[in-house]
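Reviewing the structure listed below.
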Amino acid sequence: MLARNAESLYWIGRYVERADDTARILDVTVHQLLEDSSVDPDHASRTLLRVLGIDAPDTALDLWSLTDLVAFSRDTDGGCSIVEAISAARENARGAREVTSTEIWECLNTTYNALAERERAAKRLGPHEFLSYVEGRAA
């Protein structure tokens, strides 16, 4: 049981770190695509997906399709989207509730429960809102 709890705590940290790092990398890529018209969105998107270990679709990629794949997808082949990472961290915390502090659980649970609303806001206001939220919650 001790090993199971230790493993769950390890994976909580790993998934939170992955969500944070992925949000930061995607935020930089989004800004680059918006600010530099000489950058090919499809090529930049495929490069980022390769780095993250997410299989690229056969269709052309743009800013929004990249954001959907990296941030919001719940079924990525190979890699792990931001939403998947936060969900996995929460599930590990739920499985190790007896050794997880109340503050950690509440932070993960609140973040997880706000994802749907934050995703809707990102589709209205742009991906930076969602990515900033994830970065702030992971800190």
(message) With the structure loaded, tell me whether residue 24 is within 18 Å of residue 127 (Cβ to Cβ), touching a Leu at 6+ places or on another chain (Cβ under 8 Å), modelled with pLDDT of 95 or more and not in a loop (DSSP other than H, G, I, E, B) or whether it fails that test.
(response) yes
(request) Enumerate the helices (runs of 4 or more DSSP H) found wholly within segment 58-138, keeping only those where 3 or more residues are modelled with pLDDT of 95 or more. (result) 82-95, 102-125, 127-138
(request) Pull up segment 80-139, narrow it to residues that are among the aromatic types (Phe, Trp, Tyr) and free of Cβ contacts under 8 Å to residues at least 40 places away in the same chain, then point me to the one that is farthest from residue 7 (Cα to Cα). (result) 133
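Residue-by-condition table, conditions (1) buried (at least 16 other Cβ atoms within 10 Å of the Cβ); (2) not charged (D, E, K, R):
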| residue | (1), (2) |
| --- | --- |
| 57 | no, yes |
| 62 | no, no |
| 69 | yes, yes |
| 72 | yes, yes |
| 85 | yes, yes |
| 88 | yes, yes |
| 116 | no, yes |
| 133 | yes, yes |
| 138 | yes, yes |
(message) Which numbered condition in (1) closer than 18 Å to residue 132 by Cβ; (2) in contact with a Pro (Cβ under 8 Å, 6 or more places away or on another chain) is the only one that residue 116 fails?
(response) (2)
(request) Just one of (1) under 18 Å from residue 129 (Cβ atoms); (2) at pLDDT below 95; (3) loosely packed, with under 13 Cβ neighbours inside 10 Å; (4) among the aliphatic types (A, V, I, L, M) trips up residue 1, so point out which. (result) (1)
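The values are calculated or read from the model by the stated rules, or taken from the named source; none is laboratory data. All of these numbers come straight from a predicted model, not from anything done at the bench. Heads up, the Cβs are rebuilt from the backbone with ideal geometry, glycines too, and the neighbour counts pull from every protein chain shown.
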